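A.B. asks: The structure follows.
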Amino acid sequence: MLAITDLTKSFTSPEGERVEIVRVPAFALAAGEQIALRGESGSGKTTFLHLIAGILAAESGRVEIDGAEMTALSEARRDRLRAEKIGYIFQTFNLLQGYTVVENVVLGMSFGPGADRAHAKELLTRVGLGHRLDHFPRQLSTGQQQRVAVARALANRPKLVLADEPTGNLDRKHAHESLDLIREVCRENGASLLLVSHDEDVLARFESVRVFAEINRTRASVAGAK
C-alpha cells in the first residue's frame, strides 16, 4: 500500500542555514497493516506525514501509494490522489469554521467519491457527536472538534489513514474510543493505518510500534537517538 525510498526534505532556518528534517531511506506499509510511530515533538514526524500525503513536495525520493507515485505528480494531481486514497487526521483539526459539523464531513467527502450525508451522520454518531450535527466548530470543545476531524478523515473509506497525534486533545476515555474507531473502520475497509504519537498509552495499544528516529536518518535524529 505504501512504499517509500530515499525520501528527503529540508527547510531554511531563520539564520539562512539549510536544515535537513527528513531522510528516510526505506519504509513500507502493507495493505491493511496498522503501525504506530513513536516520535517526540519537533522530530519531523508531521513533515514525514505531509510528504506521504503530498501536502509537501519532497526534495528527492519516491512515495508510492497503492501503485501511484505521489512524488511524480503535479500539485493538482497530488490533491486528487490524496482525496481518493488518503484519510488524514490533522493534529490541528483544520475544520471549516463557517460550516456545521455534518457539513464539514460531507464537504470533505465531495473531493473524493462523492457526498454521502447518511454515512457522515453515521460516523459522527459513532464518535459520540450525533447530537451535535448542526453545531459549528466554535460551539464544540477541543476534544469534540478532534472527533469531527476523525470522522471526516474516515468518511471517504480511504485506503491509507494517516493520523498525527489524533488523541492529543482528548481525555483518556474519548482517546480510547476514538482510537478504537479509527482502527475498527480501517479494518472494515481494509485500510492501512500509520499513526504517530508520543503518548505511551496510545502506543501500548498497537501490536507494531516503530521509533521514528530509527527510520529517519538525519544527523539530528541519529544524535537524538543516542
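The values are calculated or read from the model by the stated rules, or taken from the named source; none is laboratory data. None of the values given here were measured: they were computed from a predicted structure. Positions of Cβ are backbone-derived with ideal geometry, glycine not excepted, and every protein chain shown enters the neighbour counts.
A.B. asks: Within the bounds of region 78-96, is there any residue that is among the polar types (S, T, N, Q) and more than 23 Å from R183 (Cα to Cα)?
C.D. replies: The answer is no; no qualifying residue exists.
A.B. asks: Then there's this: In region 102-144, what residues are without any contact (Cβ under 8 Å) to a residue 24 or more places away in the chain and in a loop (DSSP other than H, G, I, E, B)?
C.D. replies: If the condition is that a residue be without any contact (Cβ under 8 Å) to a residue 24 or more places away in the chain and in a loop (DSSP other than H, G, I, E, B), then G114, A115, G130, H131, S141 are the ones that fit.
A.B. asks: While we're looking at this one, here's another question. Give the number of residues within region 1-58 that are part of a loop (DSSP other than H, G, I, E, B) and among the acidic types (D, E).
C.D. replies: Taking region 1-58 and keeping what is part of a loop (DSSP other than H, G, I, E, B), we get 1, 13-17, 30-33, 39-44, 54-58.
The next check asks that each one be among the acidic types (D, E); those that pass are 15, 17, 33, 40.
So the answer is 4.
A.B. asks: Quick check on this structure: which one of G112, G128, G61 is surrounded by 15 or more Cβ atoms within 10 Å (Cβ to Cβ) and on the phi < 0 side of the Ramachandran plot?
C.D. replies: Result: G112 is the single residue among G112, G128, G61 that is surrounded by 15 or more Cβ atoms within 10 Å (Cβ to Cβ) and on the phi < 0 side of the Ramachandran plot.
A.B. asks: Of the conditions (1) modelled with pLDDT of 95 or more; (2) buried (at least 16 other Cβ atoms within 10 Å of the Cβ), L73 clears all except one; give me its number.
C.D. replies: (1)
A.B. asks: Picking from L162, L181, which residue would you name as being surrounded by 13 or more Cβ atoms within 10 Å (Cβ to Cβ), under 17 Å from the mean Cα position of the chain (by Cα) and within 24 Å of I21 (Cβ to Cβ)?
C.D. replies: L162
A.B. asks: Tell me, yes or no, whether region 89-102 has at least one residue that is under 21 Å from E184 (Cβ atoms) and in contact with a strand residue (DSSP E or B) (Cβ under 9 Å, 6 or more places away or on another chain).
C.D. replies: Within region 89-102 (the criterion being under 21 Å from E184 (Cβ atoms) and in contact with a strand residue (DSSP E or B) (Cβ under 9 Å, 6 or more places away or on another chain)), the answer is yes, since at least one residue qualifies.
A.B. asks: Follow-up. Picking from R205, R217, which residue would you name as being closer than 22 Å to Q146 by Cβ, more than 16 Å from the chain's Cα centre (by Cα) and at pLDDT 90 or above?
C.D. replies: Among R205, R217, only R205 is closer than 22 Å to Q146 by Cβ, more than 16 Å from the chain's Cα centre (by Cα) and at pLDDT 90 or above.
A.B. asks: Y99 passes all but one of (1) of a type outside the set (A, V, I, L, M, F, W, C); (2) more than 20 Å from G168 (Cβ to Cβ); (3) in a strand (DSSP E or B); which number fails?
C.D. replies: (3)
A.B. asks: Moving to a separate point now. Which fully enclosed helices (runs of 4 or more DSSP H) of region 157-215 have 1 or more residues being closer than 18 Å to A120 by Cα? Walk me through how you get there before you give the answer.
C.D. replies: Details: elements: 172-189, 200-203, 212-215.
Helices (runs of 4 or more DSSP H) meeting the threshold: 172-189.
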